[in-house]
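Inspection log for the structure reproduced underneath, given as structure tokens.
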Amino acid sequence: MTTQRKALSGSARRNEASHRAILAAAFELVQEVGYAKLSIEGIAARAGVGKQTIYRWWPSKGAVLFDAFLMLSEQPDGEGAGLPDTGDLEADLKAVLRATIEELNDARYDEAMRALNTEITHDPALAALYAERLDGPMRELKRQRLRSAQRAGQLAEDLDLDVAVDLLWGPLLNRWLQRSGELTPGYADSIVETALHGLRPRS
């Protein structure tokens, strides 16, 4: 029994190593050849596995790349991500949006993120996976931070938190997707200031 348990443990470790090698290969290759030329065969060759190994875990190259992004976002301590809550809502939101802009401006991620957005638009299964594993949990973290601000009296009690999330993050992602302007820290700050203080003239 002890020998069998050790063999299973070794198999699990090999599977985990192969899994991570595949995700790393997908992320490296998409930067080198672009998403259009990315293939399951190419990923398998770079990772040193058979392509059937990849198909056993993922249905498409889009799904592989999505998991590669999830792997990159893992916290070193295994804890989930969270938004800062210093008590200063405006400062916290500006810090988060500035960090988001820094990530969107990183050339290592740009090609892959745009490709994923395109795939999510055309692949309902990948869209559902994205909503379940990334967008949904991230939206809840954002709502939690806004709820904390509500409890502190910094936001209206009847505020629609989903609309508030869209108001804060939507303009940034729209500008990135459409390449309609620069993504700068100043732009991040202006989004937060406009969302929190409104569009009406101040008396």
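The values are calculated or read from the model by the stated rules, or taken from the named source; none is laboratory data. The structure displayed is predicted, hence computed values, not measured ones. Here the Cβ is made from the backbone with ideal geometry for all residues, glycine too, and neighbour counts use every protein chain on show.
Asp110 meets the conditions (1) surrounded by 13 or more Cβ atoms within 10 Å (Cβ to Cβ); (2) in contact (Cβ under 8 Å) with a residue 12 or more places away in the chain; (3) closer than 23 Å to Leu183 by Cα; (4) within 19 Å of the chain's Cα centre (by Cα) in every case but one. The failed one is (2). Listed by position, the helices (runs of 4 or more DSSP H) contained in the range 12-123 that have at least 1 residues being in contact with a Lys or Arg (Cβ under 8 Å, 6 or more places away or on another chain) are 40-47, 61-72, 89-104. Within the range 161-182, the residues that satisfy the criterion of being closer than 14 Å to Glu140 by Cα and without any contact (Cβ under 8 Å) to a residue 40 or more places away in the chain are Leu161, Asp162, Val163, Ala164, Val165, Asp166. Filtering the range 49-73 to residues that are of a type in the set (Ser, Thr, Tyr) and exposed (fewer than 14 other Cβ atoms within 10 Å of the Cβ) leaves Tyr55, Ser73.
Of everything in the range 165-203 that is basic (Lys, Arg) and in a loop (DSSP other than H, G, I, E, B), the residue that is modelled with the lowest pLDDT is Arg202.
Name the one entry in Thr121, Thr86 that is loosely packed, with under 13 Cβ neighbours inside 10 Å and farther than 16 Å from Leu177 by Cβ. Just a single option satisfies the conditions, and that option is Thr86. Of everything in the range 138-152, what is surrounded by fewer than 14 Cβ atoms within 10 Å (Cβ to Cβ) and without any contact (Cβ under 8 Å) to a residue 12 or more places away in the chain? Give them in sequence order. Glu140, Arg151, listed by residue number. Which of the following residues is more than 15 Å from Leu83 (Cβ to Cβ) and in contact with an Asp or Glu (Cβ under 7 Å, 6 or more places away or on another chain): Leu167, Leu173, Leu126, Leu183? Going through Leu167, Leu173, Leu126, Leu183 in turn, just one is more than 15 Å from Leu83 (Cβ to Cβ) and in contact with an Asp or Glu (Cβ under 7 Å, 6 or more places away or on another chain): Leu126.
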